[in-house]
1. Could you line up E281, E197, E307 from fewest to most neighbouring Cβ atoms inside 10 Å?
2. Which value results when the Cα radius of gyration for the stretch 158-199 is divided by 2.2 N^0.38 Å?
3. On a 21 Å Cα-Cα criterion, which of the cross-link pairs K67/K146; K213/K274; K75/K128; K67/K130; K146/K168 come out too long?
4. Return R174, R231 ranked ascending by Cβ neighbour count within 10 Å, so the fewest neighbours appear first.
5. Counting residues in the stretch 130-279 as N, plug N into 2.2 N^0.38 Å and put the Cα Rg over that result.
6. Mind putting a number on the dipole of the stretch 125-227 about its Cα centre? Charges go on the C-beta only, +1 for Lys and Arg and -1 for Asp and Glu, and I need it in Debye to the nearest 20.
7. What length, rounded to one decimal in nm, is gained on full extension from M188 through to T286, with 0.36 nm per residue of separation minus their alpha-carbon distance?
8. When T306, T267 are ordered from fewest to most other Cβ atoms inside 10 Å of their Cβ, what list results?
Amino acid sequence: MKAFFRISLAPALLLVATVAHAAQLSTDARSAIPYNVQQLVVIDYTAMQNSNSAIALRDRVMPPELKQFDDALSKFTVTTSGGGSIDQYVDVLAFALYRTSNSSDDLNTVGIAQGQFPVQDIMANFQKKKIKPAVLRSNNIYPMGKSGMTFCLVDPSTMIFGGSDAVKAALNARDGLAQNMLTNQPMMGAMQSVDSEALWSILDGQGTQTMMKQVLGQAGSVTDFDTVRKRLQESWYTMDFSHGVNFDLTIVTGDAFSAATMSSLLTAAIMVRKMSSTAAEKQALTDTTVDANGGQLSIQFAASDTEFASLLKSPLFQSMVH
């Protein structure tokens, strides 16, 4: 759980190629995300797989939890002829971190893959190996190779995968036995702001508070942050690589005072970090802008490809993603 949130910004660094597609989730996929989702990360998987640089960068920043999911996809052979892995059929990949109880510490992760999956080949492969599914109502849940994970093809274009409990929770949400994200208005509203992008993430209030605590560092321990922390309602970010690297994060605070306070704290944190930064880090911090506008806080970062490549090797970058 902690590792996922320590790198809550890292999934946005998985792509380093120009992408033009939108990573949108279907209604069926959205309905499989539990209501208490704390963070949702959605990636144009096709673009990521087609970029050698993206794959190398992914290996650097992806946390163990998400890497296990990705490895399971790439190692899961689907055809009876023994050729091909499931990831070649994936167009969009999403990871949802959700609360399993009222406690913010009880978290689980489920993956959702969209594409055009060879259902007949997959089923024939299981029949040949005499693998029988676990049945949950009308849903068949199969083991995902030797990864220890399970998956369910809810339709030819939507796969839910992850640990057994996570897959069952997602199916309960999709089948109407539990609330799903479609009725979570704050998160649905946040998603509308970003789901036309190739890579995006949304976080609820607790996820946003955790993320900002880590971003602020020592500045996050001051009284001012504790005063506005619980007013952080939700946030979303996107990354664009059309011309260098552009990162755009929006945090909803609900009122102008909280947004202004967070802006001051972030500005102070940037100044503190500059004092002990390398040249590449100082340039990156200089290129970061923080702006409070009404009840929202906007954080933007832009760098050339060369500047970003230097930043990846810096201690500051490593501290943010590990």
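1. Least crowded to most crowded, the residues run E307, E281, E197.
2. Compared with the compact-globule rule of thumb, the stretch 158-199 sits at 1.37.
3. As for pairs spanning more than 21 Å Cα to Cα, those are K67/K130.
4. By the 10 Å Cβ count, ascending: R231, R174.
5. On the way: Rg = 20.5 Å, N = 150, 2.2 N^0.38 = 14.8 Å.
Relative to the rule-of-thumb radius for its length, the stretch 130-279 sits at 1.39.
6. In debye, rounded to 20, the stretch 125-227 gives about 980.
7. Details: separation 98, 0.36 × 98 = 35.28 nm, distance 3.31 nm.
32.0 nm is the gain from fully extending M188 to T286.
8. Working: T306 10, T267 14.
The order, fewest Cβ neighbours first, is T306, T267.
None of the figures in this text is laboratory data; all of them are computed from the coordinates on show. If you're wondering where the values come from, they're calculated on a predicted model, not measured in any experiment. So basically every Cβ, Gly included, is an ideal-geometry build from the backbone, and we count neighbours across all protein chains shown.
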